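The values are calculated or read from the model by the stated rules, or taken from the named source; none is laboratory data. The structure displayed is predicted, hence computed values, not measured ones. Neighbour counts are summed over all protein chains in view; Cβ atoms, including those assigned to glycine, are modelled from backbone coordinates with ideal geometry. These area figures cover heavy atoms from the full protein model, side chains too; ligands, DNA and RNA do not enter into them. Shrake-Rupley method; radii C 1.70, N 1.55, O 1.52, S 1.80 Å.
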Amino acid sequence: MTATAVILAVLSVAAKAEIVTDSIRYSHDGEAFEGYAAYNDALGDEQPTVIIIHDWDGLGDYEKTRAEMLARSGYAAFAIDLYGTGIRPERVERRRELTNALYADRARMRALMQAGLEAAGTQQVMDTDNAVAIGYCFGGAALLELARSGAALDGFVSFHGGLGTPEEQNYEQVDGPLLILHGSSDQVAPMSEVANLTSRLDEDGATYTMEIYGGARHAFTDWGASDRYNASADLQSWAAMERFLGQALSEPAD
C-alpha cells in the first residue's frame, strides 16, 4: 500500500476510526512475555503489520507510542518482548546484563523474536504474511539477527542500531530488503561499522538501502534523550520508513 493510499484509507474511515491498544500475553518455553498491539479497528482484519523490536530498556512507553503512530498511519503494529513480563530494567547495569546475555546466546535471541512473531500472528487483525520488522538501538541489532535468520518478512528497518555481524554469520538467507537509518556521529556504531556492513551486504547479495544523517548521534530518534535527540533526523528517518512500508507491504485482504 502506498503512503497516499494509506492516508486516503484512513481519511475515508475517520468518522468511525478508533485506535485500539492492548497488552498481549504470550509464552515461550514456559516463560511469560507481554507484547503491545496497536491498530485502527475501522480498517478490518488482516492489516499490513509492523513488528517493533525494543531498545535495551525493554518494551516501554517509547515503543508503545511508535506502535500507536503506526496505527494512525494505517498499519497494525505489534511490539514484541525479549525480556519477559514485568522485566523493564531501569539501571544501566541491568540493561547491559540482559542485552549481553542475548548477544551471547543468539539462538535464544532468534527464538524469542520468532515467539513474538507467532504471538502477533494469533491476532486476527494482523497479517504476519504481509509484515515488516523495525528495531531501535539494541532492537536494531536484534533486527539484523532476525534478518540473518531468514525470517519470512517483507522487510527490515534499523534505526540507529548496532551493525556488527558475528564472524560465523552472513546475510545470504535474508528474505526481504533492508533499510538502515543511521547517524554519521553515532558513537556506538561508528561509520567504520557502516562501511563494514555494506561490504558484508554486498558480498552476500542482499538488497538494502542506507540513509546517513549528518551529525546525528546514537539514539537520534529518542525524544527522551535531550543530548542526543535530533528532530530533523527523527522526522527524516520516519518518513523514509513510511516510504519503505508503502513499497514493501501490500494492501490488506478484503
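Per atom type, the range 126-254 shows carbon and sulfur on 42% of its accessible surface, probed at 1.4 Å. Label-to-label distance, residue 175 versus residue 202, with points set 7 angstrom from Cα along the beta-carbon direction: 2.9 nm.
Between residue 87 and residue 19, residue separation times 0.36 nm minus the direct Cα-Cα distance comes to 21.9 nm.
Per-residue Karplus couplings for the range 232-237, computed as 6.51 cos²θ - 1.76 cosθ + 1.60 with θ equal to phi - 60°, are listed in order as 5, 5, 4, 5, 5, 5 Hz, Gly and Pro entered as x. For the range 92-132, just say rounded, prolate or oblate: build the C-alpha gyration tensor, square-root its eigenvalues into a ≥ b ≥ c, call rounded for a/c under 1.5, and beyond that prolate if a/b exceeds b/c, oblate if not. Prolate is the answer for the range 92-132, as a/c is 1.5 or above and a/b outweighs b/c. Rounded if a/c is under 1.5, else prolate if a/b is larger than b/c, else oblate: which is the range 135-181, with a ≥ b ≥ c the root eigenvalues of its Cα gyration tensor? Oblate is the answer for the range 135-181, as a/c is 1.5 or above yet b/c matches or exceeds a/b. In percent, rounded to a whole number, the relative contact order of the range 56-162 is 23, using alpha-carbon pairs under 8 Å and six or more apart. Taking amide H as placed 1.01 Å from N in the peptide plane, the amide H of residue 213 sits under 5 Å from that of 182, 183, 184, each at least 5 places away or on another chain.
Judged by the ratio a/c of the largest to the smallest principal axis of the C-alpha gyration tensor, the range 185-254 counts as oblate, that ratio being 1.5 or greater while a/b is no larger than b/c. Connecting C-alpha atoms closer than 10 Å in a GNM of the chain, tell me which of 31, 168, 68 has the biggest fluctuation. Ranking 31, 168, 68 by mean-square fluctuation puts 168 first. Along the Cα-to-Cβ line of residue 250, 7 Å from the Cα, sits a label point; which residues in the range 159-185 have backbone N less than 17 Å from it? Zone members listed by number: 176-177. Choose one answer from 143, 59, 201: the residue with the largest mean-square fluctuation in a GNM of the chain with alpha-carbon springs under 10 Å. Highest fluctuation among the options: 201.
When shorter helices are ignored and each DSSP H run of at least 4 residues is given -39500 (n - 2.57), the per-residue value for the chain at 222 nm works out to -12000 deg cm²/dmol. Where in the range 16-57 does the amide nitrogen come within less than 20 Å of the point 7 Å from the Cα of residue 229, taken along Cα to Cβ? Flagged as within label range: 54-57.
Scanning residues 5 or more positions from residue 169 or on other chains, none has an amide H under 5 Å from its amide H, with H placed 1.01 Å from N in the peptide plane.
Taking all protein chains together and a 1.4 Å probe, the residues 113, 69 rank 69, 113 from largest to smallest accessible area.
Share of Cα-Cα pairs in the chain beyond 27 Å, in percent? Cα-Cα pairs in the chain separated by more than 27 Å: 32 percent. Taking label positions 7 Å along the Cα-Cβ direction at both residue 118 and residue 29, the computed distance is 1.2 nm, reported to one decimal. Computed over neighbours whose Cβ is under 11 Å from that of residue 161, the net charge equals -4, Lys and Arg +1, Asp and Glu -1.
Placing +1 on the Cβ of every Lys and Arg and -1 on the Cβ of every Asp and Glu, with no other charges, gives the chain a dipole of roughly 560 debye about its Cα centre.
Accessible surface area normalised per residue over the chain is 44 Å², counting heavy atoms of protein chains with a 1.4 Å rolling probe. In the complete set of protein chains, residue-level accessible area for residue 122 is approximately 100 Å², probe 1.4 angstrom.
Phi angles across the range 52-64 convert, under the Karplus curve 6.51 cos²θ - 1.76 cosθ + 1.60 with θ = phi - 60°, into 3J(HN,Hα) values of 10, 10, 6, 6, 6, 8, x, 6, x, 4, 4, 5, 5 Hz, Gly and Pro given as x. Ordered by 1.4 Å accessible area with all protein chains kept, 210, 191, 126 run largest first as 191, 210, 126. Between residue 56 and 138, 139, the built amide H atoms are under 5 Å apart, and every one of these is 5 or more places off in sequence or on another chain. Largest first, the residues 184, 232, 27, 158 sort by 1.4 Å accessible area into 27, 232, 184, 158. Counted by Cβ distance under 12 Å from residue 228, the other residues give a net charge of -3, where Lys and Arg count +1 and Asp and Glu count -1.
Need one number: % antiparallel among DSSP beta bridges in the chain, to the nearest 5. Around 35 percent antiparallel, to the nearest 5.
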